[in-house]
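Reading through the structure tokens given below for one structure.
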Amino acid sequence: MVYTPEQQPVDTAFPDPMLPRLYRVEQVRREIRATCTLALVPDNGTTAFSFAPGQFTMLYVFGIGEIPISISGDPAQPHLLVHTVRAVGPVSQALQQLKRGDVIGVRGPFGSSWPIEDAKGSDVILVAGGLGLAPLRPALYALLSQREQYGRLCLLYGARTPQDVLYARELARWRGRFDLDVYVTVDSASTAWRGQVGVVTALLAKIPFDPANTVALVCGPEVMMRFTTRELQERGLSAVHIFVSMERNMKCALGFCGHCQFGPTFVCKDGPVLRYDRIQSWFGKREI
Amino acid sequence: MHVIERDALTALFVALRQRAFRLLGPTVRDGAIVYDELASPADLPQGWTDTQDGGTYRLVRRNDAALFGYAVGPHSWKQFLHPPTVRLWQAQRDGQSFHIRAEQPEQARFAFIGVRSCELHAIAIHDRIFLHDAYVDPVYRARRENLFIVAVNCGQAGGTCFCVSMHTGPKVTQGFDLALTELLTGERHYFVVETGTARGAEVLQDIPHRAATAAEEEAAAAVVARTATQMGRTLHTAGLQELLYRNIEHPRWDEVASRCLTCGNCTMVCPTCFCTTVTDTTDLTGAHAERWRQWDSCFTTDFSYIHGGSVRTSARSRYRHWLMHKLATWIDQFGTSGCVGCGRCITWCPVAIDITAEVDAIRTSEHRAAAEGKNDANA
């Protein structure tokens, strides 16, 4: 089975890709520490765009700046554009301050997406670390929406502490399904925690899979992805069956600014979702 | 081929100006030959040449009245096609919302006078990035679309030139409207002219010209042939991409980092370096915002910043990124090398780091290692 990241066509209906479109904040949901989920709807005169799971947008807060954020909502409901954002800099901090009715700028959607089509007929393992669950959530929505098309579905999720488990209620709901295996682990916890403690790669040992017919979608901190890809390969999964979502500095998302280069890869247009064999020789090297 | 006399250059300038072109080309300023507005051929660097070496550039008087008798200066044409700073849009606050006003990029009518073959290749490389990739840069397109190019075949190579190594010169072969070869023989000062486009041929009709004789064509060919033998540097390109990919962790990167000031001069003078950053600003009231795009350099730590820190903090990794991009990853990205062999990065490096020498050092160390391996096997 050959899996490839899906390259999405450029939206030619919107001729100037450098110009943000206006979106209104419909809902702000406080998530875990310093993290919120914004549901955006097109402001007057703006048309909604569809997106594929794994794609990202550039979010602009008036006068503050613009940052790349992956879309974490349901691709079947493109009129509600959902992003989960953690405050780590001026723009992501400003995004936390938004209230219902505030208007921000959105450019996109940009980049490649998870191989949802190619994975049909295969087992799919999703491995998420920390906020890496957010870019994988649209993939899970898409997989579950046509559940009969896939073999075994499995979500492995690692967070730092029990308080850092993102989308906890939704995880509990997914865990209640008989057609989806969900395993959660935390790096450290107080004695009150009765769940799994340890790194996310340890969860891989819990699940049997057939390397010939399995595709793995991995998103999280680079160090987590490094260990996960290594473990998956040790379990016999080929690099062409492993997909990772990369993160780099981005100023344009169009392939012009040069900031997001990772070796020969432009993370903005070749990625963010990349088949692992394509970047394997660069992955894990320092300061690439 | 045609011939125009030295004095007919005035007619060329007039013909281009009549077609509403803004003439840009070489002129002497601040002790260097830079690219700027040209009012007439009198603004050209007549009788000047340059001597160049690692970290060194000097203007020197020629003993003739050549107009294009120099190599290349610190400027490249990218400052006009891909401007150092450009406003992308403005926005005005309106309650909880705001309005964005798009910038209407000016449809420029530039005529570049005196473009060298390496520079034509650099423009072709930018065309690939800004016009023929997934997205089109409207700023670049507005400046590139009407561009008229008067190219010049190089009459002499600079001390840091290596276009022959990169197969990008010195003969102009593509991407021009008119191409000149300057000839000074005894009393005569004339140009052999080649037309590259119908538009170029049409402009030539407005200038006193005649068909070139076989002897004149031969003399012009001899000029570039001689220049090709004068290259100040050589970049050994055989297997270069693989060589660099094999040596991502080579100790030479530490050695060059001990000299590199990470000043970014090389990226500013490079005719192909295209990286930019954006700045979002507001006025004092906070109600008016703008986004500006500026040239950026991969030699800054900010360049690779993501939450928590920069990816490339060491000078080693930043120099490596620049050189690897130029000579190796560029080929994967855009199908050509990112280097056109103009030598500017060598000349304008304040500590004379030489891209050709850095490649040689890595290549030589591999040869040495291979030879030692063979000796060990024999022992």
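The values are calculated or read from the model by the stated rules, or taken from the named source; none is laboratory data. Nothing here was measured: the structure is a model prediction, and the numbers come from that model. Cβ sites come from the backbone with ideal geometry, for glycine too, and all protein chains shown count toward neighbours. Just so you know, the surface numbers come from the protein's heavy atoms only, side chains and all, with ligands and any DNA or RNA stripped out. Shrake-Rupley method; radii C 1.70, N 1.55, O 1.52, S 1.80 Å.
Among residues of region A:153-167 being touching a residue at least 60 places away in the same chain (Cβ under 8 Å) and over 16 Å from the mean Cα position of the chain (by Cα), the one that is surrounded by the fewest Cβ atoms within 10 Å (Cβ to Cβ) is A:Gln163. With a requirement of 1 or more residues that are under 30 Å from B:Thr185 (Cβ atoms), the helices (runs of 4 or more DSSP H) lying completely within region B:212-321 that satisfy it span B:214-228. Please verify whether region B:251-274 includes one or more residues that are of a type in the set (Val, Ile, Thr) and more than 23 Å from A:Cys252 (Cα to Cα). Checked against the condition, which is being of a type in the set (Val, Ile, Thr) and more than 23 Å from A:Cys252 (Cα to Cα), region B:251-274 yields at least one hit. Considering region B:148-171, the residues that are among the aliphatic types (A, V, I, L, M) and open to solvent by less than 10 Å² (accessible area, probe 1.4 Å) include one that is nearest to the other protein chains (Cβ to nearest Cβ), namely B:Ile149. Scanning region B:24-46 for residues that are under 13 Å from B:Trp77 (Cβ atoms) and open to solvent by 40 Å² or more (accessible area, probe 1.4 Å) returns a single hit, B:Asp36. For region B:270-296, the set of residues classified as among the polar types (S, T, N, Q), open to solvent by 10 Å² or more (accessible area, probe 1.4 Å) and more than 8 Å from chain A (Cβ to nearest Cβ) consists of B:Thr279, B:Thr285, B:Gln294, listed by residue number. Evaluation of B:Ile306 against the conditions (1) in contact with a strand residue (DSSP E or B) (Cβ under 7 Å, 6 or more places away or on another chain); (2) within 13 Å of chain A (Cβ to nearest Cβ); (3) of a type outside the set (Gly, Ala, Ser) shows that the sole unmet condition is (1). Of everything listed in (1) under 24 Å from A:Glu170 (Cβ atoms); (2) modelled with pLDDT of 95 or more, the single unmet condition for A:Ala48 is (2). Could you please give the count of residues in region B:326-379 that are within 16 Å of the chain's Cα centre (by Cα) and either without any contact (Cβ under 8 Å) to a residue 24 or more places away in the chain or open to solvent by less than 50 Å² (accessible area, probe 1.4 Å) (or both)? Going through region B:326-379 one residue at a time, the tally reaches 16.
Out of everything in region A:252-266 that is buried (at least 24 other Cβ atoms within 10 Å of the Cβ) and in contact (Cβ under 8 Å) with a residue 60 or more places away in the chain, what residue ends up being nearest to the other protein chains (Cβ to nearest Cβ)? Applying the filter and picking the extreme gives A:Cys252. Given the criteria open to solvent by less than 10 Å² (accessible area, probe 1.4 Å) and more than 22 Å from B:Arg344 (Cα to Cα), does B:Gly200 qualify? Considered against the rule, which asks whether it is open to solvent by less than 10 Å² (accessible area, probe 1.4 Å) and more than 22 Å from B:Arg344 (Cα to Cα), B:Gly200 comes out as yes. Within region B:105-134, being under 21 Å from B:Ser337 (Cα atoms) and within 12 Å of chain A (Cβ to nearest Cβ) holds for B:His126, B:Arg128, B:Ile129, B:Phe130, B:Leu131, B:His132, B:Asp133, B:Ala134.
For B:Arg318, the requirement of being basic (Lys, Arg), in contact with a helix residue (DSSP H, G or I) (Cβ under 9 Å, 6 or more places away or on another chain) and surrounded by 19 or more Cβ atoms within 10 Å (Cβ to Cβ) is met.
Applying the condition of being more than 23 Å from B:Leu24 (Cβ to Cβ) and surrounded by fewer than 19 Cβ atoms within 10 Å (Cβ to Cβ) to region B:172-188 and asking which residue is nearest to the chain's Cα centre (by Cα) yields B:Leu184.
For the condition over 24 Å from B:Thr195 (Cα atoms) and either assigned by TED's automatic domain parsing to the domain that holds B:Asp206 or in contact with a helix residue (DSSP H, G or I) (Cβ under 6 Å, 6 or more places away or on another chain) (or both), B:Asp50 qualifies.
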